[in-house]
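Following: one structure in structure tokens, then a few remarks.
The values are calculated or read from the model by the stated rules, or taken from the named source; none is laboratory data. Because the structure is a prediction, the values reported are computed rather than measured. Here the Cβ is made from the backbone with ideal geometry for all residues, glycine too, and neighbour counts use every protein chain on show. Just the protein is used for accessible areas: all its heavy atoms, side chains included, with ligands, DNA and RNA removed. Shrake-Rupley method; radii C 1.70, N 1.55, O 1.52, S 1.80 Å.
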Amino acid sequence: MLHYTFDEGLIDIKEIVNPADTAYQIVVKSEDMRKRLKQVRSYFDENKDYTDVLFYSHEDGSYEVIVRKDMIPAFLMHAFRFQCLKSLQWN
């Protein structure tokens, strides 16, 4: 299982675990963090698997990201890569 931390002053992430996927409800608190999250989105939008990670933008500026179970490690690694997360470790 992966464990991650994030800077609560810049981003808020809540997980909702479902049988086939995990939904992440994300609120960004700075424009710099919004740019970082867009880089994560861009990475997954450019691959050929259209159902691995789905991003939904809401009118209030928050995001919902639905991640297939087998893609959770990749999603979290790229969130860490683009500095949306402060730490990422296996437990």
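Rg (Å, one decimal) plus Dmax (Å, integer) for the alpha carbons of the stretch 50-91?
11.6, 36
Roughly how many Å² is the accessible area per residue of the chain, as a whole number, for a 1.4 Å probe?
64 Å²
So how exposed is Asp45, as accessible area in Å² (1.4 Å probe, rounded to 10)?
90 Å²
Could you tell me the accessible area of His78 in Å² (1.4 Å probe, neighbours in place), rounded to the nearest ten?
Here the accessible area works out near 30 Å².
Could you order Met71, Met1 by accessible surface area, starting with the largest, using a probe radius of 1.4 Å? Let's see the in-between values first.
Working: Met71 40, Met1 165 Å².
Ranked list, largest accessible area first: Met1, Met71.
Ignoring ligands, DNA and RNA, what percent of the 1.4 Å accessible area of the chain is carbon and sulfur? Let's see the in-between values first.
On the way: 3050 of 5790 Å².
Exposed carbon and sulfur together represent 53 percent of the surface.
Let me know the shape class of the stretch 1-84, please: from the alpha-carbon gyration tensor, a ≥ b ≥ c as square roots of the eigenvalues, rounded when a/c is under 1.5, otherwise prolate if a/b is greater than b/c, or oblate. Please list the in-between numbers first.
Working: a/c = 1.41, a/b = 1.29, b/c = 1.10.
Rounded, because the longest to shortest axis ratio a/c is under 1.5.
With all distinct Cα pairs included, what does the Kirkwood hydrodynamic radius of the stretch 9-57 come out to in Å, to one decimal, could you say?
12.0 Å
Okay, helix-only estimate at 222 nm for the chain: each DSSP H run of n ≥ 4 adds -39500 (n - 2.57), divide by all residues, round to 500 deg cm²/dmol; what do you get?
Rounded to the nearest 500, the figure is -8500 deg cm²/dmol.
Within the chain, which is the longest segment that contains none of the GluC sites (Glu not before Pro) sitting in a DSSP loop with at most 12 other Cβ atoms within 10 Å?
With a cap of 12 other Cβ atoms within 10 Å, the longest stretch comes to 9-45.
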